[in-house]
Amino acid sequence: METIRNYLEAMFANLPNTTEVKKAKAELLNMMEDKYNELINDGLSENSAVGTVISEFGNLDELAEDLGLTKEVEETRVREASINRRFLRNDEVLDYLNVRKASGLMVGVGVMLCILSVCFPILTAFVDFKNAALFSLMGMFLSIGIAIALFVFSGVRNSEWHFLTSVPCQIDMATAAQVREKRKTFKIAYAFMIALGVMLCSICWLPIAVMRSGIFVISIFTMVAAGVFLFIFSSHIMGIYDTLLKLNDSNTISGSYGKENEVEYVSKAATAVMEVYWTTITCVYLIISFITFRWDISWIIWPIAAVLHKILEVALVKED
Amino acid sequence: MVEISSDVIRGYNDTMILSILLKEPSYGYEISKQIKTITEEKYIMKETTLYSAFTRMEKNGFIESFVAEKDMEGNGKKRTYYRITEEGRNYYESKCEEWELTKDVVEKFIRS
């Protein structure tokens, strides 16, 4: 049955993503499924059942005519021929996932090192020892140096995948479903990492408040650095999944791969706003917190953002 | 083996489907199965042909569709059923007459 489903998806992949087309696809799948089940009950082997169903399917040109889609089908055909989509194989997608995950880790660690680098001068300002000045300078520049090396290295590794954003690409339904599944699994870890990050940032002033010793400024930077790492790493990985799921042309059926049961927004602008919502909030939170250094109260941004998100969702989600 | 030319039979796909719907409302696969049985497997209507006919006839008002949560055999599968309308019956009648005439005319030239 999986073969039949994939066959039908492939036939429909480049048709316009309209209600009529979706209805036609669902209805055809239903008929094929009925036929397949009956053939299997009649004692046919899986292979010959699939063969019969596919050979008796017919062709889509005829259907396009009656659905009033002849023009669209022709347009899609011309468009596909002119832009020549790059088709990503399953193993390429998995490869991409690994490279980008590693780069998320490297960028996260890099930013963390940049924040931590200030801990060295702070430490030597409070504790004096032999060669303290040298230690402080060395420590600071070494961590910044490593951070830059990490940025450059991840940039170089990413560069071979640049075509993903510059050339139109396409993935098949099975791969999209696989990415979708990974994204779903990651969502729990994502929520946990963001929550932990917010918590670390919002209580970073606690040690200094309790200990009342200047050296605990270091703990502020350490906890913020860990929090920022969690923000960057988790949203980076989420971003990879979203990039992959958005590769297919959203005007065609293939554009809906991996997006089943996903909420739809009223307009393109609304979708764009909702997509970058949490990333924007994270940036705003970090910028405000770093400028004011009121980590003890800036976390209030999160509950406010959550309420705002709910309101936006109510206002912008498309009713069926 | 001789095969039916799709050009010739195309004009009568709708008639076949309507004739089956005259008895009772039915759904996609059931209709295609009946056509296969009635014609003793001499004609198999392709899925796309069948669905095209449904959309076309629904647009013309010959049939109506409705969604049933369960099919008539009581299986819990959501299905789109089709039922014939009054216009559909009229259309069917006129197609029957048309066929009689067509048959008469063509017959006169077959091996005579």
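A short reminder: the numbers here are calculations on the coordinates, not readings from a lab. Predicted model only: the values in this text are computed from it and were never measured. Methodologically, a virtual Cβ is constructed for each residue, glycine included, from the backbone with ideal geometry; neighbour enumeration extends over all protein chains shown.
For this structure, a couple of remarks:
- Computed over every Cα-Cα pair of chain A and binned at 20 Å starting from 0, the pair-distance distribution P(r) comes out as 24, 45, 23, 8, 0 percent.
- The Kirkwood hydrodynamic radius of region B:8-107, based on inverse pair distances between different Cα atoms, is 14.2 Å.
- Residues whose placed amide H lies under 5 Å from that of B:Ser26, excluding near-sequence neighbours: B:Tyr82
- In this Cβ point-charge picture (+1 for Lys and Arg, -1 for Asp and Glu), chain B has a dipole of about 300 debye about its Cα centre.
- Of A:Lys101/A:Lys268; A:Lys71/B:Lys36; A:Lys23/B:Lys59; A:Lys25/A:Lys101; A:Lys101/A:Lys187, those spanning more than 25 Å from alpha-carbon to alpha-carbon: A:Lys101/A:Lys268; A:Lys71/B:Lys36; A:Lys25/A:Lys101
- Difference of contour (0.36 nm per residue) and Cα-Cα distance, A:Ile40 to A:Thr271: 78.8 nm
- Förster radius 41 Å - calculated FRET efficiency between A:Thr243 and A:Met1, Cβ distance, rounded to 0.05: 0.85
- Segment A:Asn59..A:Val127, full-extension length gain: 16.5 nm, with 0.36 nm per residue of separation and the alpha-carbon distance subtracted.
- Leading residue at positive end of dipole, region A:2-83 (Cβ point charges), from A:Tyr36, A:Thr52, A:Pro16: A:Pro16
- Rounded FRET efficiency, nearest 0.05, which uses the C-beta distance separating A:Phe87 from B:Glu64 and R0 of 45 Å: 0.60
- Value of Rg to Rh for region A:2-83, rounded to two decimals, is 1.04; Kirkwood radius and Rg both from alpha-carbon coordinates.
- C-alpha center-to-center spacing [region A:62-133, region A:262-320] in angstrom: 21
- Cα-centre dipole for the protein assembly as shown with unit charges at Cβ (Lys and Arg positive, Asp and Glu negative), debye to 20: 2400
- Rg over Rh, two decimals, region A:157-295 (C-alpha only, Kirkwood Rh): 1.09
- Note on A:Ala10 and B:Leu101: with the Förster distance fixed at 35 Å, the Cβ-Cβ geometry gives a FRET efficiency of about 0.20.
- Legend: helices of chain A (whole DSSP H runs) are marked when their alpha-carbon atoms reach 24 angstrom or more along the helix axis and their mean Kyte-Doolittle hydropathy is at least 1.0; marked are A:132-159, A:217-245, A:268-292.
- Mean separation of Cα contacts under 8 Å, 6 or more apart, over the residue count of chain A: relative contact order %: 22
- A dipole drawn for region A:63-165 from +1 and -1 charges on Cβ atoms has a positive end, and of A:Ala132, A:Ile115, A:Gly155 the residue lying farthest that way is A:Ala132.
- Cα pair distances of region A:86-262 binned at 10 Å [whole percent]: 9, 28, 27, 18, 11, 6, 1
- Close amide-amide hydrogen proximity is noted between B:Ile63 and B:Glu58, B:Thr85, each under 5 Å apart and 5 or more residues distant or on a separate chain (H modeled in the peptide plane; Pro and chain starts excluded).
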